Amino acid sequence: MMSQETVKIRVATEQDRDAILAVHMNAFGKEEGPVIVKLVDEMLDDVSGKPTLSLVADTDDGLIGHLLFTFVRIEPDDSTVSARILAPLAVVQNRQRQGIGGRLIQAGILQLAGSGVDLVFVLGYPDYYSRFGFKPAGVQGLRATYPIPPQNADAWMVAELTPGTLGNCQGTVRCSKALDHPKYWIE
């Protein structure tokens with residue numbers, strides 16, 4: 001019988017950086033891993049994405065998950081809306097489908113809501129992210145940085161943390177410089 005280890009969700013520190021990159025390499029594999037690792041490395045240093053919220057899933061054996069939220073703005077400039085994008089989320093392969101990603105998302109949304117963030121965007125699987133309050137963003141008048149093909153439109157999603165925000169803003173979401181490349185916007 002396996003022992004019940006404790007998985008602690010906490011804010012990442014600079015000392016976690018190499019372990020965070022290793023989590024992404026493991027989670028995304030040899031093909032996608034190097035691209036995602038380079039992206040995460042750039043995003044962690046990208047001042048245009050600040051403020052960020054970087055969370056890790058930590059065990060006695062080390063980090064097994066990571067989630068990054070970075071600052072986004074909505075154009076035309078709606079400076080009254082505070083928004084972030086959830087990207088990327090990674091859990092090491094041998095720990096996937098155990099609820100760790102969900103715990104990271106829930107902890108992040110709770111912290112962001114508590115700090116006054118109004119909206120969180122994600123480009124991901126609708127069946128997965130809808131469990132955490134995300135719903136299609138395009139139909140709300142909020143466009144992705146780069147066009148999403150119609151058959152994948154529901155993958156561009158938003159979670160409303162401050163009730164009433166969605167009805168009062170429209171436009172195109174602009175991300176950090178590191179994330180502002182068409183190759184990251186293919187679902």
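The values are calculated or read from the model by the stated rules, or taken from the named source; none is laboratory data. Everything numeric in this text was worked out from a predicted model, so none of it was measured. Reconstructed Cβ throughout: ideal geometry from the backbone, glycine too, with neighbour counts over all protein chains shown. Calculation scope for accessible area: heavy atoms of the full protein, side chains included, ligands and nucleic acids excluded. Shrake-Rupley method; radii C 1.70, N 1.55, O 1.52, S 1.80 Å.
Which of the residues belonging to segment 127-148 are open to solvent by 50 Å² or more (accessible area, probe 1.4 Å) and not acidic (Asp, Glu)? Matches in segment 127-148: TYR128, SER130, ARG131, LYS135, VAL139, GLN140, ARG143, TYR146, PRO147.
Here's the yes/no breakdown for (1) open to solvent by 10 Å² or more (accessible area, probe 1.4 Å); (2) modelled with pLDDT of 95 or more; (3) part of a loop (DSSP other than H, G, I, E, B):
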{"position": "HIS66", "(1), (2), (3)": "no, yes, no"}
{"position": "THR70", "(1), (2), (3)": "no, yes, no"}
{"position": "ARG73", "(1), (2), (3)": "yes, no, no"}
{"position": "ASP78", "(1), (2), (3)": "yes, no, yes"}
{"position": "VAL81", "(1), (2), (3)": "yes, no, yes"}
{"position": "LEU86", "(1), (2), (3)": "no, yes, no"}
{"position": "ALA90", "(1), (2), (3)": "no, yes, no"}
{"position": "ILE105", "(1), (2), (3)": "no, yes, no"}
{"position": "ILE109", "(1), (2), (3)": "yes, yes, no"}
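Does any residue of segment 133-154 turn out to be part of a helix (DSSP H, G or I) and closer than 22 Å to MET43 by Cβ? Within segment 133-154, none of the residues are part of a helix (DSSP H, G or I) and closer than 22 Å to MET43 by Cβ. Here GLU187 clears all of (1) under 17 Å from the mean Cα position of the chain (by Cα); (2) surrounded by 15 or more Cβ atoms within 10 Å (Cβ to Cβ); (3) in a helix (DSSP H, G or I); (4) modelled with pLDDT under 95 except the condition numbered (3).
When every residue of segment 32-49 is checked against the conditions, none turns out to be open to solvent by less than 60 Å² (accessible area, probe 1.4 Å) and more than 22 Å from ASP180 (Cα to Cα). Can you tell me which residues in segment 115-126 are open to solvent by less than 60 Å² (accessible area, probe 1.4 Å) and within 19 Å of THR162 (Cβ to Cβ)? Within segment 115-126, GLY116, VAL117, ASP118, LEU119, VAL120, PHE121, VAL122 meet the criteria.
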